[in-house]
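Asker: Below is one structure. I have some questions about it.
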Amino acid sequence: MSSMSSYSLSTDMDPPVPTELSVTELDDGRMQFVSTEVGIGNDNAQDPDDLSDVQKARMVRLNFENTDCVDMEFAILPYEVPDSDPPPGTNGWSFGRNFMFSFIGSFQFECLRGLKQPPSVPPSPVPPP
């Protein structure tokens, strides 16, 4: 992650919640956030304004200032259970991953997806009548 001015974890909340993330600064200055716990699917967040303590423990808030573009990389690692083989036919990749994004900024965005748009005006005939 580049161009980030700061970040905060659940331990920075009021009241603080113990985090389930490992945070590492990489050699090139980027930050890496890795989950330390396995989720179960039913614990996925649905609303960023209504999080359980487990969901808060698995979140990171990234702060950007005067930034018009952000590059992020996501990696999904195989599911590992100590002293256990992966489920048959999965090679350890049997679970999906969910990411939820919530943005706050100095601009407003109106999502028009799913709304019926009026038909566009047909082009004028060439040459005009």
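Asker: Would you confirm, using the coordinates I've provided, whether residue 23 is at pLDDT 85 or above, among the aliphatic types (A, V, I, L, M) and not in a strand (DSSP E or B)?
Answerer: Numbers: at pLDDT 85 or above: yes; among the aliphatic types (A, V, I, L, M): yes; not in a strand (DSSP E or B): no.
For residue 23, the condition - at pLDDT 85 or above, among the aliphatic types (A, V, I, L, M) and not in a strand (DSSP E or B) - is not met.
Asker: Let me ask something additional. Is there any pair linking a residue in segment 50-74 that is without any contact (Cβ under 8 Å) to a residue 60 or more places away in the chain and part of a loop (DSSP other than H, G, I, E, B) to one that is loosely packed, with under 11 Cβ neighbours inside 10 Å and small (Gly, Ala, Ser), with Cβ under 9 Å and at least six apart or on different chains, and which?
Answerer: 66/5
Asker: Right, something else. Just wondering, is there one or more residues in segment 47-67 that are surrounded by 10 or more Cβ atoms within 10 Å (Cβ to Cβ), in contact with a Gly (Cβ under 8 Å, 6 or more places away or on another chain) and modelled with pLDDT of 90 or more?
Answerer: yes
Asker: State which residue is surrounded by the fewest Cβ atoms within 10 Å (Cβ to Cβ) when the search covers only segment 4-21 and only residues that are under 25 Å from residue 67 (Cβ atoms) and within 17 Å of the chain's Cα centre (by Cα).
Answerer: Residues of segment 4-21 under 25 Å from residue 67 (Cβ atoms): 4-13, 19, 21.
The next check asks that each one be within 17 Å of the chain's Cα centre (by Cα); those that pass are 4, 6-10, 19, 21.
Details: 4: 16, 6: 10, 7: 15, 8: 12, 9: 20, 10: 22, 19: 21, 21: 18.
Applying the filter and picking the extreme gives 6.
The values are calculated or read from the model by the stated rules, or taken from the named source; none is laboratory data. Fair warning: this is a prediction, and the values are worked out from it, not measured in the lab. Glycine also receives a Cβ, built like all others from the backbone with ideal geometry; neighbour counts cover every protein chain displayed.
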